[in-house]
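Written below as structure tokens is the structure these notes are about.
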Amino acid sequence: MVLAALLVILIILNICIGSVHITVREVIGGFTGVEISDTAKNIIWQIRLPRALAATVLGGALALSGYLLQTFFHNPIAGPFVLGISSGSKLAVALVMVFLSETLTHISSFMLIAAAFVGAAAAMGFVLLMSKAVDKMSMLIVGGVMIGYICSAITDIVVTFAQDADIVNLHNWSKGSFSGISWENVTVMSFTVFVTSAIVFGMSKPISAYQLGETYAKSMGVDIKLFRMLLVLLSSVLAASVTAFAGPVSFVGIAVPHLAKRLLKTAKPILMIPASFLGGAVFCLFCDLLARNLFAPTEMSISTVTAVFGAPVVIAVLIQRKRGR
């Protein structure tokens, strides 16, 4: 209930606060059909509401992807950004935006998600291969970070040589941003994320059993190979949806599941899954509000702000884990 209330409040604040101030009365009027100025109407419906909804949907997707990866690897700092999955998605989307924009008049939202998924799956494949070659989870994390650096470096090279007029915002996207979101984007991302999240929620019981160990999960009738494959697939789709529209967003997938666990004081998947989604939405809405307004008219990348608030959480988790040992 707390997260749901915060979500509503932050959506309203994201619509109201900006270079042009919109009153709460105007926001309500925009939704109820009361006559308001054309300027306010355009700002609400064409700029701020799609952006707020994108931050909500994609923030939730990123946190849920991180939760699935932490479950898969049994590691508290596993996440799509740390393991290089977001960077793999970023590279694939950048390649599509640069090289197909010259041959196609319009790159659809589904095409962006498909490209991002291919990139995420490729990066995840490398991570899984490394997991078989290394014994320590710390080495796997280091390998994931290296994969992320390689993909980011190649992306920067691609962006450097991009000159087409349709991709002038590619540089900003590559740093992470919720700006420029259209209603078509919101529709596609919402459909993809909510269907995937519903499947994840339906897997609450198998996830709960898997958290108690593979042997216990097998005794409960869980097909471990199929289950692990689904975790990889679902986490990749969620991470790809974020990268396709907002670029790489750091630390949300790592930090938010831990904050949700602290808030709930339980690790039950049936509660953690919706809490992680809502927590990710609230976290990204808050960070996007700061990114837009803290140094206005200059807008910071969303990853800069999420790192400021997310990194300390990760450090605290690592310290607490060491003390626990």
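Coordinate-derived values only; no laboratory data. As the structure is a prediction and not an experimental result, all values here were calculated from the model. Cβ coordinates were reconstructed from backbone atoms using ideal geometry, including for glycine residues, and neighbour counts include every protein chain displayed.
Assuming 0.36 nm per residue, please report the length gained on full extension of the stretch Val20 to Arg228 beyond their Cα-Cα distance. Present the calculation step by step, with values, prior to reporting the outcome.
Values: separation 208, 0.36 × 208 = 74.88 nm, distance 4.78 nm.
Here the answer is 70.1 nm.
Compute the angle between helix 252-264 and the longest alpha-carbon principal axis of the chain, please, reported from 0 to 90 degrees and rounded to the nearest 10.
Orientation of helix 252-264: about 80 degrees from the principal axis.
For the range 248-325, state which chymotrypsin sites (Phe, Trp or Tyr not before Pro) are in a DSSP loop and have at most 10 other beta carbons lying within 10 Å of their beta carbon.
Those that pass, being in a loop and sparsely packed, are Phe295.
Given the convex hull of the Cα atoms of the chain, what is a quarter of its surface area in nm²?
Numbers: hull surface 70.1 nm².
Mean projected area for the chain: 17.5 nm², to one decimal.
Count the lysine pairs in the range 10-324 whose Cα atoms sit under 17 Å apart, keeping only pairs 8 or more residues apart in sequence or on different chains.
Step by step, the pairs that qualify in the range 10-324 add up to 6.
Could you tell me, in Å, what Rg and Dmax come out for the Cα atoms of the range 46-145?
Looking at the range 46-145, its Cα Rg and Dmax stand at 15.8, 50 Å.
Using a 7 Å offset from the Cα along the Cα-to-Cβ direction at both Leu95 and Tyr149, what is the distance between the two label points in nm, to one decimal?
Each label point is offset 7 Å from its Cα along the Cβ direction, giving 2.2 nm.
Give me Arg292, Arg262, Arg228 sorted ascending by neighbouring Cβ count inside 10 Å, so fewest comes first.
Fewest-to-most Cβ neighbours within 10 Å comes out as Arg262, Arg228, Arg292.
Round to the nearest 10 and give me the degree value, 0 to 90, for the angle of helix 224-246's Cα axis relative to the longest principal axis of the chain.
Between helix and principal axis, roughly 20 degrees.
Run the numbers on the chain and let me know its relative contact order in percent, using alpha-carbon pairs under 8 Å that are six or more apart.
Relative CO of the chain lands at 31 percent.
R0 = 22 Å: FRET efficiency of Thr32 with Val8, Cβ-based, nearest 0.05? Mind dumping the intermediate values first?
On the way: r = 16 Å, r/R0 = 0.73.
About 0.85, to the nearest 0.05.
Which residues in the range 204-241 have a backbone N closer than 15 Å to a point placed 7 Å from the Cα of Lys268 along the Cα-to-Cβ line?
204-209
How large is the helix-only mean residue ellipticity at 222 nm for the chain, computed as the sum of -39500 (n - 2.57) over DSSP H runs with n ≥ 4, divided by its residue count, in deg cm²/dmol to the nearest 500?
It lands at -24500 deg cm²/dmol.
To the nearest 10 degrees, how steep is helix 2-16 against the longest Cα principal axis of the chain, on a 0 to 90 scale?
30 degrees
What FRET efficiency would be calculated for the residue pair Thr39, Asp156, taking the C-beta separation as r and a Förster radius of 35 Å, to the nearest 0.05? Kindly include the intermediate steps, with their values, before the conclusion.
Numbers: r = 38 Å, r/R0 = 1.08.
Calculated value: 0.40.
Output needed for the range 1-57: three equivalent-ellipsoid semi-axes, defined as square roots of 5 times the C-alpha gyration tensor eigenvalues, in descending order, whole Å. Provide the component values of the computation, followed by the final result.
Values: eigenvalues 78, 30, 19 Å².
After scaling each eigenvalue by five and taking roots: 20, 12, 10 Å.
Across the range 225-325, what fraction of all alpha-carbon pairs, as a whole percent, falls in each successive 10 Å bin from zero upward?
Cα pair-distance distribution for the range 225-325, in percent: 14, 38, 35, 11, 2, 0.
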